[in-house]
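Enquirer: After the structure tokens below, expect a handful of questions from me.
The values are calculated or read from the model by the stated rules, or taken from the named source; none is laboratory data. Keep in mind that what you see is a predicted model, and the values were worked out from it rather than measured. Cβ placement follows ideal geometry from the backbone for every residue including glycine, while neighbour counts extend to all protein chains displayed. Just the protein is used for accessible areas: all its heavy atoms, side chains included, with ligands, DNA and RNA removed. Shrake-Rupley method; radii C 1.70, N 1.55, O 1.52, S 1.80 Å.
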Amino acid sequence: MRVTVAGVEFSSPVIAASGTFGYGIEFEDIVSLDRIGGLVTKGLSREPMAGNPAPRIIETAAGMMNAIGLQNMGVRAFIAEKLPKLRKITGTVIIANVFGFTIEDCVAVIQALNDAPGVAMYELNASCPNTSHGGMVFGTDPPQLWELVARCKAAARRPLMVKLSPNVTDIGLMARVAADGGADAVSLVNTFVSLAIDVETRRPRIANITGGLSGPAIKPIAVRMVHEVSKNVTIPIVGMGGVVRAEDAVEFMMAGATAVQVGTASYADPRAVENVANGLKRWCVAHQVLHVSSLTGSALL
């Protein structure tokens, strides 16, 4: 069941996604953390953030919409309060999700984490608006994405994985830009910008007006995007978007992913990540797959 992403070995290719698993510690009494490959922390910013006003999560057909607003305790509090407990978990890779509204913010978060033991790699959220350049989202503008990745990679002492936005016309191009900027891996996809309206009040159902759509509804699009990226880069790909069952993980891997992340499913079942990991192991045994890594890119496309 072992796979390697950017030189980091995972005991399973199933990882808990950022934003749906807290800081990891919150799940330690529910999930056997040593049975999953790794976990990605909530996005960490330079300073604490309160996030958006409620309502900020709604259920949709086959998924959910959210506009949490990247609420988090800030990188310094994470290092002081959460990381010492995370370091005690054995066999699970800890990935720190990093974001900012300027390149300098992202670099500052990475520099703070560089000196903190216990983190194996960084996941850079490229779906934030660059407030220094008119609010254009980093992950939708190739020159901005390249500069963001290059600057963060220069600052990072650990492998850098870039989380790509799906709200682009050519996801393969954006993956190449990230790779050219120095990314050691890419993860995709983040949520799709979406809108839901209450037909009785005629108002948006999310206070932020728009939110990010995730869950099983987006899986076929996400699988297609993983396949497209696999044809454009040679660095490892971590796929996500609607993984609920072991077969979903297999599908992403056959499309080109080395590992997968489980996100929205954890809201319906807090043990979803562990269940997918255990189910994937059983699937491999039943299908006589000796090494789960052999599934990567094996679809007959």
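Enquirer: Filtering segment 120-151 down to residues that are modelled with pLDDT of 95 or more and within 18 Å of Val40 (Cα to Cα), which residue is farthest from the chain's Cα centre (by Cα)?
Expert: Checking each candidate, the answer is Ala120.
Enquirer: Here's a follow-up. Counting only residues that are touching a strand residue (DSSP E or B) at 6+ places or on another chain (Cβ under 6 Å) and either in a loop (DSSP other than H, G, I, E, B) or buried (at least 22 other Cβ atoms within 10 Å of the Cβ) (or both), how many does segment 128-148 have?
Expert: So the first thing to find is which residues in segment 128-148 are touching a strand residue (DSSP E or B) at 6+ places or on another chain (Cβ under 6 Å), and the list is 129, 135, 137.
When the remaining residues are screened for being either in a loop (DSSP other than H, G, I, E, B) or buried (at least 22 other Cβ atoms within 10 Å of the Cβ) (or both), the result is 135.
Adding up the residues that qualify gives 1.
Here is a yes/no grid of residues against (1) open to solvent by less than 50 Å² (accessible area, probe 1.4 Å); (2) farther than 30 Å from Met1 by Cα:
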site	(1), (2)
Gly37	yes, no
Thr41	yes, no
Ser45	yes, yes
Asn66	yes, yes
Arg76	no, yes
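Enquirer: OK, next. Look at Gly91 and say whether it is in contact with a strand residue (DSSP E or B) (Cβ under 9 Å, 6 or more places away or on another chain), at pLDDT below 95 and open to solvent by 20 Å² or more (accessible area, probe 1.4 Å).
Expert: Values: in contact with a strand residue (DSSP E or B) (Cβ under 9 Å, 6 or more places away or on another chain): no; at pLDDT below 95: yes; open to solvent by 20 Å² or more (accessible area, probe 1.4 Å): yes.
Here the answer is no, as Gly91 does not meet what is asked.
Enquirer: Taking Ser187, is it closer than 27 Å to Met253 by Cα, of a type in the set (S, T, N, Q), open to solvent by less than 10 Å² (accessible area, probe 1.4 Å) and touching a residue at least 40 places away in the same chain (Cβ under 8 Å)?
Expert: Here the answer is yes, as Ser187 does meet what is asked.
Enquirer: Here's a follow-up. Pull up segment 3-21, narrow it to residues that are touching a Ser or Thr at 6+ places or on another chain (Cβ under 8 Å) and of a type outside the set (A, V, I, L, M, F, W, C), then point me to the one that is surrounded by the fewest Cβ atoms within 10 Å (Cβ to Cβ).
Expert: Thr4
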